[in-house]
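Report on the structure given below.
The values are calculated or read from the model by the stated rules, or taken from the named source; none is laboratory data. Fair warning: this is a prediction, and the values are worked out from it, not measured in the lab. Cβ placement follows ideal geometry from the backbone for every residue including glycine, while neighbour counts extend to all protein chains displayed.
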Amino acid sequence: MSASYSPLPGQGRSARRVGDSGASGLRLLFAMVGLMWGVEIVDTVLLMSGLGSRSGGFLDQFGIWAYSPEGLIGIATAPFLHAGFAHLLSNTVPLLMLGAIIAASGAAHLLAVTVVVALISGFGTWLTSPPYAVTVGASGLVFGYATYLIVRGIFNRSLGQLLIGIIVVIFWGGALLSGLLPQPGISWQGHFFGAVGGVVSAWLLARPSSRRRTTSRSYGWEQY
């Protein structure tokens, strides 16, 4: 004999959403990385056809042009543009590894972190880079994802997230610090402001109860 039952209103839908959250986040992450590779393939074809230049592919002109009003469009497009496949590959590996951890919380969460990091990293790069320098690449997202994972446990008061943050520091801490040092042809500005964006996104996306505790404690400190 088989038996059946009807779940409480919304129970079945909630269960499906929770179970599918990680999968939806990974789909978004793979779509983003796939778009980056697709764009670089198209850019390489255009470069071979003579539309590019020695300093970069044809599409690289849509990166972040510092101080140029037209260059603001690069805040949205620069993470998907790269100076060759070696540059793209160096960003793809950490982007997938760090992004997969964030993606476990769902596509909406990954998208929110990505948007905050991209906006802060992009505008900071536009504002502080040498005049009319062009910046491309997803390394700002990489730095933002890393710092988000490092500090989110502090805002959420989560031991598990703190442990993940420690692991990120162990494996990526040296690369993060070296990426903040000025080097020819590398935008430390994008790295720095990407890292700032990661901290901001961790604060914005912290659990409301944790943020209320943080706020109440800060008021207490100010009274002393």
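Quick notes on this one:
- Residue among Gly173, Gly144, Gly165, Gly160 that is modelled with pLDDT of 90 or more, assigned to a helix (DSSP H, G or I) and closer than 21 Å to Leu88 by Cα: Gly144
- Options Gly185, Gly190; residue that is at positive phi and either surrounded by 16 or more Cβ atoms within 10 Å (Cβ to Cβ) or at pLDDT below 95 (or both): Gly185
- Hits in the range 81-113 - residues which are in a helix (DSSP H, G or I) and under 21 Å from Asp60 (Cβ atoms): Phe85, Ala86, His87, Leu88, Leu89, Ser90, Asn91, Thr92, Leu95
- Considering the range 114-141, and only residues there that are in contact with a helix residue (DSSP H, G or I) (Cβ under 7 Å, 6 or more places away or on another chain) and outside any helix (DSSP H, G or I), the residue that is surrounded by the most Cβ atoms within 10 Å (Cβ to Cβ) turns out to be Ala138.
This table checks each residue for (1) at pLDDT 95 or above; (2) farther than 17 Å from Gly22 by Cβ; (3) surrounded by 21 or more Cβ atoms within 10 Å (Cβ to Cβ).
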position: Ala76; (1), (2), (3): yes, yes, no
position: Pro79; (1), (2), (3): yes, yes, yes
position: Phe85; (1), (2), (3): no, yes, no
position: Ser90; (1), (2), (3): no, yes, no
position: Ile102; (1), (2), (3): yes, no, yes
position: Leu111; (1), (2), (3): yes, no, no
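- Looking across Leu110, Leu88, one residue alone is in contact with a helix residue (DSSP H, G or I) (Cβ under 7 Å, 6 or more places away or on another chain) and closer than 21 Å to Val151 by Cβ. It is Leu110.
- Of all the residues in the range 27-67, those that are more than 23 Å from Ala118 (Cα to Cα), modelled with pLDDT under 80 and touching a helix residue (DSSP H, G or I) at 6+ places or on another chain (Cβ under 6 Å) number 2.
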